[in-house]
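FYI, it's all coordinate maths here, none of it is from the lab. On a predicted model such as this, the values are computed, not experimentally measured, just so you know. Methodologically, a virtual Cβ is constructed for each residue, glycine included, from the backbone with ideal geometry; neighbour enumeration extends over all protein chains shown.
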Amino acid sequence: MLELRNVSLVYPDGGEIIRDLSLVIPGGKLTVVTGPNGGGKTTLAKIFAGLVAPSSGSVWLDGRDITDLDVTQRARLGISYGFQTPVRFKGLTVQELLETSAGRLLSFDEMCDLTGKVGLCTMDYINREVDGSLSGGEIKRVEIATVLARGTRVSFFDEPEAGIDMWSFNGLVEVFGSLKRQGMTMVVISHQERILEIADEIVVISSGQLRDQGPMEEIMPRLMAGEIAGHCPVGRKVGA
């Protein structure tokens with residue numbers, strides 16, 4: 001379980017990005033964070049991951065205060081962060097990247113397990129270079145596989161649907177649904193209705209504050225009806 005306690009992030013000029021925000025991310029569930037652009041969603045995820053330090057408040061993981069730990073230390077504790085635009089590594093093959101993430105050599109069966117979980121054929125991908133030879137949807141699936149290879153406890157994904165086509169998007173939704181059924185703790189930042197619909201929990205962030213949180217079945221109707229103050233319109237299905 002991840003938790004923020006009274007966290008704020010203030011610009012040097014006094015402008016606030018996050019304002020006295022307290023939030024619990026449940027373990028073993030898929031939580032989708034949504035809200036208007038510029039409302040603080042990505043900043044929230046970066047605070048959890050240790051990429052950004054809060055001005056005040058504290059960050060907790062399974063009852064441990066990790067506020068003073070940097071991004072590397074938090075990664076060692078099992079917190080992963082997937083950027084909106086995944087990093088491409090020149091000269092590395094998919095197999096080499098997965099083994100780097102795992103910190104050891106992987107057997108062919110282990111490679112099959114990892115690539116299969118993200119909907120990729122092992123033989124078609126393990127020798128392909130990560131830099132330049134993969135589409136946006138493929139590289140995002142590979143990034144998810146690297147997270148799985150690390151065996152992380154909590155995984156953040158920042159708008160994974162950005163910049164990919166309808167077919168890749170459909171595949172990503174299936175991957176997240178499959179990982180959800182396996183009981184992984186995932187936090188996905190998204191506006192897309194189809195991703196929101198597979199969430200266990202929805203968190204609505206606007207103007208740096210928590211506007212609403214609860215089970216998908218409770219929050220989704222309120223989002224669609226425009227009943228949540230400061231919420232953004234829910235994105236439609238890609239290609240609709």
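A few notes on this one:
- Residue that is farthest from the chain's Cα centre (by Cα), among those in the stretch 84-95 that are part of a loop (DSSP other than H, G, I, E, B) and surrounded by 15 or more Cβ atoms within 10 Å (Cβ to Cβ): LEU92
- Members of the stretch 10-66 that are among the charged types (D, E, K, R), under 30 Å from GLN182 (Cα atoms) and touching a residue at least 60 places away in the same chain (Cβ under 8 Å): LYS29, LYS41, ASP62
- Of residues in the stretch 97-109 being assigned to a helix (DSSP H, G or I) and under 23 Å from the mean Cα position of the chain (by Cα), the one surrounded by the fewest Cβ atoms within 10 Å (Cβ to Cβ): THR100
- Selection of the stretch 33-56 for residues being more than 12 Å from the chain's Cα centre (by Cα), crowded, with 18+ Cβ neighbours inside 10 Å and among the aliphatic types (A, V, I, L, M) yields only ILE47.
- Number of residues in the stretch 8-32 that are exposed (fewer than 15 other Cβ atoms within 10 Å of the Cβ) and either closer than 16 Å to ILE228 by Cβ or of a type in the set (Ser, Thr, Tyr) (or both): the value is 2.
- Hits in the stretch 67-82 (condition: more than 23 Å from GLN182 (Cβ to Cβ) and not in a helix (DSSP H, G or I)): THR67, ASP68, LEU69, ASP70
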